[in-house]
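Have a look at this one.
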Amino acid sequence: MPRESKAARRERADRIYRRLEEEYPDAHCALDHRNAYELTAATILSAQCTDERVNMVTPTLFEAFPDPEALAGARLEDVEEIIRSTGFFRNKAKSLVGMAERVTDLHGGEIPADMDALVKLPGVGRKTANVVLGNAFDINDGVVVDTHVKRIAGLLRLTRETTPEKIEVDLMALFDRERWTMLSHLFIWHGRAVCIARRPRCAECALAPDCPSAQV
């Protein structure tokens, strides 16, 4: 692709977004949740684990510990047993209980709708905070950069950065704020359906005309 101006890249980013919206009109957060507490816990569990597996585990977790106060008082071994199949269950159990303790002690038992407060919770980094803010509170504070978003943004040459933090900055500059939360859902759905890491289906990809990496 010839050297692209910032204006041309923004125009291409807009086309990409609109095509993805058409392809995936039902795109949404794949983690089942009913409130900010459940989404925070589910996102902590999703590290190095599939959303499908997390969704199999969380009904039991939330039945046993329906709110932060209940989870804050849980025994680690009880939490570990419930979440064992998600992997790294000991560290995740510590993060879950620690998160619940801090929310109960410092935030009145309510997940804070604030980036600075969220990232101070055990087990919560910027990516998790973006998931919670965007999907539980409808606040577009940033872009969730997971493995799908990182890979597809690179293939589309929307960024040349390699770290999630810098990729996020580039994407925030290319897409309007109101699109930030949905952007990650669209990339994730596209990554699972068409732009599959080991066997990308470029010939069927609606983004091929705007993708420098398209193998067609």
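Taking 0.36 nm per residue of separation and subtracting the Cα-Cα distance, what length does fully extending Val119 through Arg201 add?
Numbers: separation 82, 0.36 × 82 = 29.52 nm, distance 3.69 nm.
Full extension from Val119 to Arg201 adds 25.8 nm.
Assign one of three labels to segment 25-92, namely rounded, prolate or oblate, based on the Cα gyration tensor with a ≥ b ≥ c the square roots of its eigenvalues; rounded applies when a/c is under 1.5, prolate when it is not and a/b is larger than b/c, and oblate otherwise. Don't skip to the answer; put the middle values down first.
Numbers: a/c = 2.25, a/b = 1.38, b/c = 1.64.
Oblate.
Can you pull out the trypsin sites (Lys or Arg not before Pro) in segment 177-211 whose DSSP state is coil and whose Cβ has at most 15 other Cβ atoms within 10 Å?
Here the sparse-neighbourhood loop sites are Arg198, Arg201.
Averaged over all directions, how much area does the convex hull of the C-alpha atoms of the chain cover when projected, in nm²? Each step should come with its number before you reach the end.
Working: hull surface 47.7 nm².
Projected area, direction-averaged: 11.9 nm².
Express the relative contact order of segment 110-168 as a whole percentage, based on alpha carbon pairs under 8 Å and six or more residues apart in sequence.
Values: 50 pairs, mean separation 13.5, N = 59.
The value is 23 percent.
Still on this model: How much accessible area per residue does segment 109-171 have, counting only protein heavy atoms and a probe of 1.4 Å, in square angstrom?
Details: 2880 Å² over 63 residues.
On a per-residue basis, segment 109-171 sits at 46 Å².
Between helix 6-23 and the chain, what is the angle of the helix's C-alpha long axis to the longest principal axis, kept within 0 to 90° and rounded to the nearest 10?
70 degrees
Quick check: the angle from helix 36-45's long axis to the longest principal axis of the chain, C-alpha only, nearest 10 degrees?
That helix lies at roughly 80 degrees to the long axis.
Cα gyration tensor of segment 61-148, axes a ≥ b ≥ c as square roots of the eigenvalues: rounded (a/c below 1.5), prolate (a/b > b/c) or oblate?
It comes out oblate by the Cα gyration axes.
Continuing with this model, one more query. Place a label point 7 angstrom from the Cα of Glu81 along the Cα-to-Cβ direction, then list the residues of segment 37-55 whose backbone nitrogen is under 11 Å away.
Counting backbone N atoms under 11 Å from the label point, the list is empty.
Here is a follow-up. Take the Cβ-Cβ distance between Leu106 and Arg10 as r, set R0 to 30 Å, and report the resulting FRET efficiency rounded to the nearest 0.05.
Numbers: r = 40 Å, r/R0 = 1.34.
That gives a FRET efficiency of 0.15.
When we measure straight from the Cα of Lys166, which lysines land under 24 angstrom away, once same-chain ones fewer than 8 places off are left out?
Of all the lysines, those that pass the test against Lys166 - Cα under 24 Å, at least 8 places apart if same chain - are Lys6, Lys120, Lys127, Lys150.
How far is helix 89-106 tilted, in degrees, relative to the longest principal axis of the Cα atoms in the chain, given as a value from 0 to 90 rounded to the nearest 10?
Orientation of helix 89-106: about 80 degrees from the principal axis.
For segment 74-148, which chymotrypsin sites (Phe, Trp or Tyr not before Pro) pass both filters: DSSP loop (anything but H, G, I, E, B) and at most 14 other C-beta atoms within 10 Å?
Phe88
The values are calculated or read from the model by the stated rules, or taken from the named source; none is laboratory data. A quick note: this is a predicted structure, and the numbers were derived from the prediction, not measured. Neighbour counts run over all protein chains shown; Cβ positions are idealised from the backbone, glycine included. We work out accessible area using only protein heavy atoms, side chains counted, and drop any ligands, DNA or RNA first. Shrake-Rupley method; radii C 1.70, N 1.55, O 1.52, S 1.80 Å.
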